[in-house]
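Report on one structure; see the data block that follows.
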């Protein structure tokens, strides 16, 4: 019995069916490989490398790249890139115009002639890009990234089948890419936390380790940053003639930028204290140096004084800082106002100074505005009047006890309202 020959048309149909089935098997194999790689690894980079390699293989492309899209949709970041080209082609750059198109359309995109594509007029493409295929990585209806492949190795254009397969890969892998993005953000956050912690330690080490032991004086100071690191500053600087300079400042801003300016201010003041005998002279030189080394919007308020324990006086200059309280016997309160503009605000600022006596029992309190301006839930400030009365009521206590009471009352006033500014206070009390 002879077999009947297969008609040519039927043979073509069978061959097409075989090719279709072979293609389907290859696609399933690729998707299975990706699924196994994802489940077998916790390393985000390994997962992404596998995803791109499989995508390049699936569509016979020269190069692939995954680009993350920031949530605010204003910038992009290349997460990882893989090339299989043997021609040594450079790494192609993802253009912002493609991201914009993806944000608007959120569907696969094939570009066969980038330089002449009317959708991207004016875009400067890399010279070696002949054709490209982009598919969106979407999580919960939001674009989280773009998977792009460039140039088929046989120089043919990307097909509808290529687009469909890459879209399937992207749909199956979008959550993986999102997880990788979150992992990268977590790593960055941990690194930032470590750096902030180190900065906070450095800043803490810059402050005096101990309060100065001046004969006849009880001196104490404390600073409480509103954030991990702050912009308030205090210091005690011994002078060669036995006097001691003390200063308390509040630099503009908060956080890390403020702490950097604070460190600059401290170094400047310590250097100028060695060569300046008068407070006004020290501030004049410090202002010039700080103005020249910082941007125009950076400045600091500062109280700078020199205690003379032989003559029991304080020689001071106030550079735009909150006026300190000098509480005398009989509850007389004097505010120390003489000085000039904030440090670093203008290049040619002029400062005046004043010398006032410090009698037995007198108390000098220098504070930052984080105390008087501390607010509660009703946006009511603690206020200078309340602070002054608190100091008068507790003038018989030690310097440390006075500070403890002030901090406690400020926190009591604020209640659950978060601390919005650094709190710094220094108390100098003449005991004999």
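Quick note on region 280-432: its Rg to Rh ratio, both from C-alpha atoms and Rh being the Kirkwood radius, is 1.00.
Please give the peptides 106-113, 343-350, 147-154 ranked by average Cβ packing (other Cβ atoms within 10 Å per residue), highest first, as a rough proxy for protection.
Ranking, from highest mean packing down: 147-154, 343-350, 106-113.
How would region 210-364 be classified by its alpha-carbon gyration tensor: rounded, prolate or oblate, with rounded meaning a/c under 1.5 and the a/b versus b/c comparison settling the rest? Since a/c reaches 1.5 and a/b is larger than b/c, the shape of region 210-364 is classed as prolate. Sorting 321, 311, 413 from the fewest to the most surrounding beta carbons within 10 angstrom yields 311, 413, 321. Taking the number of Cβ atoms within 10 Å of each Cβ as an exposure proxy, the fewest-first ranking of 129, 47 is 129, 47. Each helix, a run of at least 4 DSSP H residues, gives -39500 (n - 2.57); summed and divided by the residues of the chain, these come to -13500 deg cm²/dmol at 222 nm.
Taking a spot 7 Å from the Cα of residue 206 along the direction of its beta carbon, which residues of region 254-286 have an amide N less than 12 Å from it? Answer for region 254-286: 255-270. Ranked by how many other Cβ atoms sit within 10 Å of their own Cβ, fewest first, the residues 303, 236, 382 fall in the order 236, 382, 303. Report note on the peptides 322-331, 201-210: ranked by the mean count of other C-beta atoms within 10 Å, highest first, their order is 322-331, 201-210.
Annotation for residue 332 and residue 419: the two label points, set 7 Å from Cα along the Cα-Cβ direction, are 3.6 nm apart. With the simple spin-label model, which puts each label point 7 Å out from Cα in the Cβ direction, the residue 292 to residue 115 separation comes to 5.4 nm. Computed from Cα positions, the angle between helix 399-414 and the longest principal axis of the chain comes to roughly 50 degrees. With Cα atoms defining each centre, region 352-411 and region 170-190 are spaced 50 Å apart in the structure.
Just to confirm the number: angle between the C-alpha axis of helix 8-40 and the first principal axis of the chain, 0 to 90 degrees, nearest 10? Approximately 20 degrees, to the nearest 10. Region 230-290 and region 96-139 have their alpha-carbon centroids 56 Å apart. Only one item in (1) 26.4; (2) 19.2; (3) 33.1 matches mean projected area of the Cα convex hull in nm² derived from the coordinates shown, and that item is (3).
Between residue 104 and residue 346, how high is the FRET efficiency from 1/(1 + (r/R0)^6) when r is the Cβ-Cβ distance and R₀ = 41 Å? Nearest 0.05.
Working: r = 50 Å, r/R0 = 1.21.
For R0 = 41 Å, the calculated efficiency reads 0.25.
Using only Cα atoms, find the angle between the long axis of helix 279-293 and the longest principal axis of the chain, and express it within 0 to 90 degrees, rounded to the nearest 10. It works out to around 10 degrees. Paramagnetic label reach from residue 354 (point 7 Å along Cα→Cβ; backbone nitrogen cut-off under 14 Å): within region 284-313, residues 304-305.
Projected label points at residue 154 and residue 171, each 7 Å from Cα along the beta carbon direction, are separated by 2.6 nanometres.
Only the coordinates and a few stated rules stand behind these numbers; no lab work does. Note that the structure is a prediction, hence the values are computed from the model and not measured. Heads up, the Cβs are rebuilt from the backbone with ideal geometry, glycines too, and the neighbour counts pull from every protein chain shown.
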